[in-house]
Every structure is written in structure tokens, then in C-alpha cells.
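Below you'll find the structure, written out as C-alpha cells, and then a few comments.
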Amino acid sequence: MSLISIIVPCYNEEENVIPFYEELIKNKEYFDKKDVDLELIYVDDGSKDKTVAKVKELAAKDKSVHLITFSRNFGKESAMYAGLKECTGDYAAIMDVDLQDPPSLLPKMYELVEEGYDSVATRRVTRKGEPPIRSFFARCFYRLMKKISQTEIMDGARDYRLMSRKMVDAVLELTEYNRFSKGIFGWVGFETKWLEFENVERTRGETKWNFWKLFLYSIDGITAFSTAPLMFASVLGVLFCIFAFIMLIFVVVRKLLFGDPVDGWTSTVCIIIFVSGVQFFCTGILGQYFAKMYMEVKKRPIYIIKEKI
Ligand code: UDP
Ligand code: MG
């Protein structure tokens, strides 16, 4: 008999805990026939509402429901990592509790894994119901990542995927503090089958990501999986040196031929402002990598567990 661990990160999701459970156990019959057990691990990421109480209610009724609670909000990435670390299944799946990752796909995913894939991942092919500006920037992000990173990061990829134990163990070996799972899953490799589905809108509760949080998350993604911005800064540096050299010759020759008229205040100011802008920009890029390095070097734990059921 094999076991699938289903990891469900939750942050202030009291309305979703039970509907998710009810939707998920609709697959129970299918998995019973296949002689597969399901264990459900809710990871409470420091919720301030009744999420924990709701999960405890479920756990009292159903022995396959487990709960890990954090001492505070550590973020979804930490919750996923904790779930993967604590789970014991031969397979593990990560799913959002808001039913945006349809549990009805699970049997299909399992079939594919049985066929020999190490991982079955999902991506949404539409972004229906999402603010257009958010979709636009998301698309730009994925297009940029495709260009600047060697790691494959699919447009519209969800964190929803079923993985074999081999792949889970590989993911757990990446103990970095700045976690960007979509990149980590691609980085570890293994044979992955992609399933596509239409976007499902959240019906209860609200999204935990605003534009600014997503922007910072995208910076995490870029710095974690590409050093191209550093290369870009270096190339800019070289280009400016070449430009400066040409200007130097031009200015010296002009002085020798035409003397030294006190002119060019406007151009001087423009050059100073522009070049210092570029310098600050490049220092900023360096700073981003430096900040990430600083957090990594501290080796702080990725999460702290308060309670385990
Ligand atoms: N989540 C979490 N910690 C956080 C934010 C979100 O565990 O700090 C969980 C949340 O409860 C949900 C999943 O991550 O199960 C996805 O969050 P959300 O639905 O808000 O993201 P969206 O679907 O809008 O991208
Ligand atoms: Mg959601």
C-alpha cells in the first residue's frame, strides 16, 4: 500500500479548511480502489483566525488529517518546505486550500506518476478573473526569466504538483533561505509532466498577495535563479568605459584644435545625472544580491514549529 501526503499551506483560511477537505475526500473512493492511502497535512502559517481550530476539528474526526502550526507567519514558501520535510508519503502533493488547485485533478496526476513520471505539475492556461495589470506583469516576469535563467520556470505554473519521494528528497536538499519553489522544482530536474487547466477563481476568503508582495517575490525569483542582472551591470560598466574613452579623445582633440571655450554646462550636467543614475542602479543590483547573501549566511531556520498534531 502506498501513501500520498497532501500538503496544504494555510494562512487565515478558516472558511476554506473544511470545504477543501470535503472536496478532497471525493477522491477517496478512487484511491481506495488503487490501494493508496491519503494523508492530509495542513500547515498553518501563523493564522490569526480560526484556521487552527477548524483543522483540529477535522483531525479529531479523521486520523489521516495532520496539522503543523508555525510560531508566526513565515510565508507560503516556508509552509511548503515544512510540509515536505514532515511528510512521510511515497508521493507528496502541494495544494492551495482555496480550491484554486482543483483536487479533482489528483487521480489523473497519480495515473501519470504511476506511468513513471517523477513529478506531475500543473499550470493555468488562462488568468481569468485576475486583475489585468497583475497578469501583464506576471507574463513579463516569466518571459524575462526564460531569457535570463537556465532553470526552466513555466508561465502560469502553480505550486500544485505531485512528486515522487525521490524528487521530494531532492527538493529538501536545497536548504536555501530565500526559497522560490517554482525555480527549485525546475532546478532539481526529473521527468515532469505538465497538466493544463483553466484558472479557477477563489470563492471564499481573499488572496494574501498584493502587487507589492508579488513584486518582491519576483525579485526573490530573479536573484535566486539568475545572475544575469550582475552581468548586465558589468556590461553597462564596460560600455560606459568605452564611451568615456571616446569622449576623452573627442574633448582633447577639440581643445587642441579649437581652444577651450567655456561651454557645455548643460551637457556636463546631463552626463553627471545620467551616469550617477546608472551607477546607483547598478549598486542597487549588487545590493539585492548582497542582501540575499546576508540572509543566507545567517542560516536562520526557515520556519519554527509551535505545535504538531
Ligand atoms: N499562504 C500561506 N502563507 C502566506 C500566504 C499564503 O500559507 O503567507 C497560503 C494560502 O493560505 C493559500 C496559498 O498559500 O492556501 C495561496 O495563497 P493565495 O490564494 O492567497 O494566493 P493566490 O492564489 O492569490 O496567488
Ligand atoms: Mg489562491
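The values are calculated or read from the model by the stated rules, or taken from the named source; none is laboratory data. The structure displayed is predicted, hence computed values, not measured ones. Reconstructed Cβ throughout: ideal geometry from the backbone, glycine too, with neighbour counts over all protein chains shown. Accessible surface is based on the protein model in full, side chains and every heavy atom, while ligands, DNA and RNA are left aside. Shrake-Rupley method; radii C 1.70, N 1.55, O 1.52, S 1.80 Å.
Just a few scattered comments:
- Each helix, a run of at least 4 DSSP H residues, gives -39500 (n - 2.57); summed and divided by the residues of the chain, these come to -16500 deg cm²/dmol at 222 nm.
- Extending 7 Å from the Cα toward the beta-carbon at both ILE246 and THR126 defines two label points whose distance is 5.1 nm.
- Solvent exposure, largest accessible area first (probe 1.4 Å, DNA, RNA and ligands not counted), of ARG123, ARG72: ARG72, ARG123
- Global form of the chain, assessed from the alpha-carbon gyration tensor, a/c cut-off 1.5: prolate
- 29 Å Cα-Cα threshold exceeded, pairs from LYS146/LYS213; LYS50/LYS108; LYS33/LYS306; LYS54/LYS292; LYS48/LYS85; LYS146/LYS308: LYS50/LYS108; LYS33/LYS306; LYS54/LYS292; LYS146/LYS308
- Accessible surface of ILE25, taken over heavy atoms with a 1.4 Å probe and every protein chain present, rounds to 70 Å².
- Rough spin-label spacing in nm, given labels placed 7 Å along Cα→Cβ, for LEU256 and LYS85: 6.7 nm
- Shape of region 184-279, Cα gyration tensor, a/c cut at 1.5: prolate
- For peptides 182-192, 281-291, 3-13, sequence by mean Cβ density within 10 Å, most packed first: 3-13, 182-192, 281-291
- Calculated accessible area for the chain comes out at 56 Å² per residue, all protein chains present (probe 1.4 Å; ligands, DNA, RNA ignored).
- Cα centre as origin, Lys/Arg/Asp/Glu Cβ charges: region 24-179 dipole, Debye: 780 debye
- The residue list ILE222, ILE25, MET80 was ranked by how far each Cα lies along the charge dipole of the chain toward its positive end, using unit charges on Cβ atoms, and ILE222 comes out on top.
- The chain: relative contact order as a whole-number percent, Cα under 8 Å and 6+ apart: 22 percent
- When the residues THR122, THR151 are ordered by accessible surface, computed with a 1.4 Å probe over the protein chains alone, the sequence from largest down reads THR151, THR122.
- To put it simply, the accessible area of the chain at a 1.4 Å probe is 62 percent carbon and sulfur.
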